[in-house]
Amino acid sequence: MTMLSSVAERLYWTARYLERAESTARLVNAYTQFVFDIPVGFEPGWESLIRTIDANDAFELRYKKYSERNIIKFLIADNDSPGSVRHSVRAARENVRTTRDCLPESWWELVNELHLYVGDHAVSSVARRNRFQFLERVIRRMQQLRGIVHSSMPRDQAYRFMRIGSLIECADMTSRVVDVAAATTMQIKQENAAATESLWANLLRSLSALSAYRRETGPVTETDEIIDFIFKSKSFARSLHFCLNSLEEETEGLRNPRPVWHLVRKTRSTILAFDAEKSSLQDLRTCIDDFQLQLIKLNDEIYKSWFQR
Amino acid sequence: MKDSWKSYRSPDCFDELITGNGAPRSAARRLVSHFSKLSPEEMEARKEAAELAIREMGISFTIYSQGSNIDRAWPFDVIPRVIRGRDWRVVSAGLRQRGRALNAFINDIYNKQSILADGVIPAEIVLESGNFLEACRGIRPKYGVWAHVCGTDLVRNIDGRFYVLEDNLRVPSGVSYMLENREVTKRVLPELFFRYKVRPVDDYPLRLYQTLASLSPRERKRPTIVVLTPGIFNSAYFEHSFLAEGMGATLVEGNDLIVKDDVVFMRTVDGPVRVDVIYRRIDDKFLDPEVFRPDSSLGVPGIMRAWKAGNVAIANAPGSGVADDKVVYAYVEKMIGYYLDEKPLIRSVKTYLCHDQQDREYVLKNLPKLVVKPANESGGYGMMVGPHASRAMHRKFARLIEENPRNYIAQPTLSLSTAPTYCDGEIAPRHLDLRPFILQGRDSWVTPGGLTRVAMRKGSLVVNSSQGGGSKDTWIVERRK
């Protein structure tokens, strides 16, 4: 059976929002862990977390001070801040509500449960004491949802459009996480070299990449190698390279995929051409900015190809 | 809960489970004994388990006045209503008979109009009704069937017999709650199912699919069926998606469909795909802005052309509402005689038509005894229950009737049956009705049971979910062999 363009669009966003909720949860978790490792007095600011999701304007509308509390509240508990865990879960739920018929039976109940759980606990989890547990639970539930999709959804168009949404969002968030690390490194570099190492290790952890990285390159965390790994690994599922390759595969069975392929290939060659060893952190950040612009174009092209009504 | 059950009485009406002297009816014996043995804590636990199941399953319905809050957990009573299989068979046959007569009537009205020519029903009642759609004249849908899904509201009077209160032939809703109620009951009272032979209800989506598929204009093994919904803010959206899912059909909104050369297509990721059958859940008047309300954005421009050209089936057919007018209702028993030459197997409630002078005089004299209803509104918003209304209300309705007699009908206040219902820690009688669903296409079929709606407030006779009603699972039980 074929799929309505409007439904494909909602599935795409469902997957994006859930991916976003999980990535944000991971990012907050990793950053919190990282801050624990920094000696008192050397803590970097939390502001880069806001900057990295391009949310400064939205943040400043609501808060005066870039304090940890405000930032964490903004990122996980605020109902209407774009990109907060709570908002993403709610938006995903709204989309699932109108696409239940093409999702696995248990999905609606689970997403509903997740929505209720986040609604009940997000605010009290701003405090460091509860934060870890809350974020872990949210991440677990996301993994459960993903597992169900993986094990019980037919590889039909519904699956494909969700996968496409996941991949775009995953690539986006991965690049943003690297951006946070780059920005923070620039901030702390002179003062504390050990902190830099801990930061990049936590970055890997936030991407669930620590053990994969160790197996591929060993236990020493070198910034250049980490960037290389996150950008170019062919096997690590959150690497930019992997996401782009998968995008190409997932769109293969769809009508008229060429315009999307063209963009995917162009983006991929920019990523593969980036030489971390020879580049400064500023170069890295410029490259990430470009990458995100490419993703926006890719999103537009996906709309043109399949969602336009 | 033994004492609560022992002292249970429901005076002055028929109770579904307990007889006048407090003994359980034969079909309810095991159920009553089961519930009697529960402690108050256990009973409360059952109730909470049901609430949790409902919340988790996402059962929700919306009522228009609640604005942006479109979720609302939906009141459910855990004690099932039990009806004997042999009692049900009579009702079921009566409903099919009624469905056949109503469809014959609609088909007649939009074609020959012989029932009007023969003077069985006054022509002006039908032709001046807002539900008669001129645009549908001369159309003959497949099998002569217009109302493919009919939700008929039944009540049980003090004599223990079922009466038809109204026929809903446009876009009747509630069937998903019937199905979900059974799911909830299975989760909450699994042990009770081992002690009864309860007729299953979960094949409804399949039956609906078969009915709709039989309407397809193209001979195909699997016709393309869509469920047309007004969208997420409609009170029955949950049901629309539920049924689409159950049938493996596509749930669409108006802007997912386009009409080209009198053929309906849906917009998909593979380009336009032709649609064979539309199960529409939006009102006639919003269906096609070319023909009806031009300001409607819910519908599909050109869909009526496609239907008239026979390129797509629409269920229920536009114009079906002409037979669920409350004035036309008064003539359904005559239709059964006229079209089928049969006697009604299930009775209508005596209905006084306010446009008839004699009836009107009777109504105006007896308002405190009667229920007055507008002739074509649904949802129970504009009605008056005489015995429960103030004298000011009686005066108000007397005025309304005199101003616009065609718009009102009146019926004797029935003593709606009750069933034991768990309220505030007690087992108490609450009034209820029953909405079975009748499917008609090439074949016809009636749900075993239907949706039982309960007036959760003490003494209330209003069971609509939009007015604080709840519901119960309905069991048609066969004798165990």
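Selection among A:144, A:166, A:180 by position relative to the dipole of region A:135-231 gives A:144 as farthest towards the positive end (Cβ unit charges, Cα centre). Packing here is the average count of other Cβ atoms within 10 Å per residue, and on that basis the peptides B:332-338, A:256-262, highest first, run B:332-338, A:256-262. Applied to region A:173-182, the Karplus parametrisation 6.51 cos²θ - 1.76 cosθ + 1.60 on θ = phi - 60° returns per-residue 3J(HN,Hα) values of 5, 4, 5, 5, 5, 4, 4, 4, 4, 4 Hz, with x for Gly and Pro. Backbone geometry of region A:222-232 corresponds, through the Karplus equation with coefficients 6.51, -1.76 and 1.60 at θ = phi - 60°, to 3J(HN,Hα) couplings of 9, 3, 4, 5, 5, 4, 4, 4, 6, 7, 10 Hz, x marking Gly and Pro.
How big is the dipole moment of chain B about its Cα centre under a simple scheme where the beta carbon of each Lys and Arg is +1, that of each Asp and Glu is -1, and everything else is neutral? Debye, nearest 20, please. All intermediate terms of the calculation are to be shown ahead of the outcome.
Numbers: 69 positive and 58 negative charges, 309 e Å.
The calculated dipole for chain B is roughly 1480 debye.
Amide H contacts for residue B:18 (H built 1.01 Å from N in the peptide plane; partners 5 or more residues away or on another chain; cut-off under 5 Å): B:25.
Simple rule: put +1 on each Lys or Arg Cβ and -1 on each Asp or Glu Cβ in the protein assembly as shown, find the dipole, and look at B:407, A:217, B:97; the Cα lying farthest toward the positive end is B:97.
Note down the relative contact order for region A:1-146 as a percent, whole number, built from C-alpha pairs under 8 angstrom at least six residues apart. Relative contact order of region A:1-146: 31 percent.
Here each label is just a point 7 Å from Cα along the line to Cβ, and for residue A:51 and residue A:273 those points are 2.7 nm apart.
For region B:80-186, calculate the relative contact order in percent as a whole number, restricting contacts to Cα pairs under 8 Å that are 6 or more residues apart.
Working: 69 pairs, mean separation 20.9, N = 107.
Normalised by residue count, the contact order of region B:80-186 is 20 percent.
Full extension of the chain segment joining residue A:208 with residue A:65 gains 48.4 nm, where the gain is 0.36 nm per residue of separation less the Cα-Cα distance. Label-to-label distance for residue B:392 and residue A:293 is 7.0 nm, based on points extended 7 Å past Cα in the beta-carbon direction.
Between region A:129-197 and region A:208-282, the C-alpha centres lie 15 angstrom from each other.
Secondary-structure-derived ellipticity at 222 nm for chain B, considering helices only, amounts to -8500 deg cm²/dmol, per-run term -39500 (n - 2.57) for DSSP H runs with n ≥ 4. Straight-line reach from residue A:304: taking Cα to Cα under 12 Å and skipping same-chain neighbours fewer than 8 places apart, the aspartates and glutamates in range are A:9. Along region A:239-250 the Karplus relation, 6.51 cos²θ - 1.76 cosθ + 1.60 evaluated at θ = phi - 60°, assigns HN-Hα couplings of 5, 4, 4, 4, 4, 5, 4, 5, 4, 4, 5, 5 Hz to successive residues, with x for each Gly and Pro.
For region A:235-295, with only Lys/Arg (+1) and Asp/Glu (-1) charged at the beta-carbon, what is the dipole magnitude about the Cα centre, in debye rounded to 20? Don't jump to the answer; show the numbers that get you there.
Details: 8 positive and 9 negative charges, 32 e Å.
The dipole of region A:235-295 has a size of about 160 debye.
If you take each beta carbon of peptide B:228-241 and count the beta carbons of other chains within 10 angstrom, what is the mean? Present the calculation step by step, with values, prior to reporting the outcome.
On the way: counts 0, 1, 0, 1, 3, 0, 0, 0, 0, 2, 2, 0, 2, 6.
Per residue, the average neighbour count from other chains is 1.
Region B:84-159 and region B:37-51 have Cα centres lying 44 Å from one another.
Can you give me the relative contact order of chain B as a percent, contacts being Cα pairs under 8 Å and 6 or more apart? Please report the intermediate quantities before stating the final value.
On the way: 954 pairs, mean separation 112.7, N = 481.
With pairs under 8 Å counted, the relative contact order is 23 percent.
Is any residue of region B:317-337 close enough, with backbone N under 15 Å, to a label point placed 7 angstrom from the Cα of residue B:120 along the Cα-Cβ axis, and if so, which? Backbone N within reach: B:323, B:328-337. Report note on the peptides B:273-283, B:352-362: ranked by the mean count of other C-beta atoms within 10 Å, highest first, their order is B:273-283, B:352-362. Rounded to the nearest 10 degrees, the inclination of helix B:391-403 to the longest alpha-carbon principal axis of chain B is 20 degrees. For the protein assembly as shown, the dipole from Cβ point charges (+1 on Lys and Arg, -1 on Asp and Glu) about the Cα centre works out to 2520 debye, to the nearest 20. Please compute, for peptide B:263-274, the average count of beta-carbon atoms on other protein chains lying within 10 Å of each residue's beta-carbon. Partner Cβ neighbours, averaged per residue: 5. Averaging the Cα positions of each part gives two centres, and for region B:170-185 and region B:219-274 these lie 21 Å apart. Toward the positive end of the charge dipole of region A:245-309, with +1 on the Cβ of Lys and Arg and -1 on the Cβ of Asp and Glu, the farthest Cα among A:261, A:305, A:292 is that of A:305. Note on the protein assembly as shown: antiparallel DSSP beta bridges, both residues inside, total approximately 70 percent of the bridges counted.
First measure r as the distance between the Cβ atoms of residue A:40 and residue A:116, then evaluate 1/(1 + (r/R0)^6) with R0 = 41 Å and state the FRET efficiency to the nearest 0.05.
Details: r = 38 Å, r/R0 = 0.93.
So, using R0 = 41 Å, E works out to roughly 0.60.
Stretching residue B:480 away from residue B:49 to a fully extended chain increases their span by 152.3 nm, per 0.36 nm per residue minus the current alpha-carbon distance. With R₀ set to 30 Å, the beta-carbon distance separating residue B:221 from residue B:90 gives a calculated FRET efficiency near 0.25.
With the crude spin-label approximation of a point 7 Å out along Cα→Cβ, what separation in nm comes out for residue A:146 versus residue B:342? For residue A:146 paired with residue B:342, the spin-label model returns 5.9 nm.
For chain A, what does -39500 (n - 2.57) per DSSP helix run (n ≥ 4), summed and divided by total residues, give at 222 nm, in deg cm²/dmol to the nearest 500?
Counting only the DSSP helices, I get -23500 deg cm²/dmol.
Taken residue by residue and averaged, Cβ atoms of other chains lying within 10 Å of the Cβ of B:247-257 number 3.
Throughout, read-outs are computed from the coordinates displayed, never taken from laboratory work. Keep in mind that this is a model prediction, so the values were computed, not measured. As a convention, Cβ positions derive from the backbone with ideal geometry for all residues, glycine included, and neighbour counts pool all protein chains shown.
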